[in-house]
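Here's the structure we're looking at; comments come further down.
We did not get these values from a lab; they are worked out from the coordinates using the rules stated. None of these values were measured; they are calculated from a predicted model. Reconstructed Cβ throughout: ideal geometry from the backbone, glycine too, with neighbour counts over all protein chains shown.
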Amino acid sequence: METRCSHCKAGFKAPDHYEGKRVACPKCKHPFVVTAFSPEDTTHPTIIHSAPLEDEVVDLVETLERVLEKITNYDDQDIAEAQTILRHAIAKYEGGLA
C-alpha cells in the first residue's frame, strides 16, 4: 500500500499488514499511524498523535545512542555501563510503547 508520513509528508510503500499500526517514518523518524494513501487523494487521513508516546520514543532513542557511544570504542567498563543502561531501558519500556 502507498502511505505517507503525517509529519514530513514523505511517501513510501508499506506492506498491507502495517495499516493501522504506529511506525517511525523511515525519513524523519517521527512516529505515525500507517493509513492507505493515494497520490490522487486530496484529503489527508486523520492521524492520531500521542505526545507521551513521542516523548518515550525520543527518550528510548537517546538511551540507545548512549549505548552505541559506549560500545563503539569499548573497554570492559564501557561494556558494563552499556549493559546497565540497556537493563534500565528494558525495565522502563517493558510492556511496549503503544
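You can think of it this way: the chain between Tyr93 and Ala36 has 17.6 nm of extra reach, that is 0.36 nm per residue less the Cα-Cα gap.
Pull out the extension gain between Glu54 and Glu2, defined as 0.36 nm times the separation in residues minus the alpha carbon to alpha carbon distance; nm, one decimal. Before the final figure, lay out the partial values.
Working: separation 52, 0.36 × 52 = 18.72 nm, distance 2.34 nm.
Here the answer is 16.4 nm.
For the pair Lys27 and Glu69, a Förster radius of 25 Å applied to the C-beta separation gives a FRET efficiency near 0.55, rounded to the nearest 0.05.
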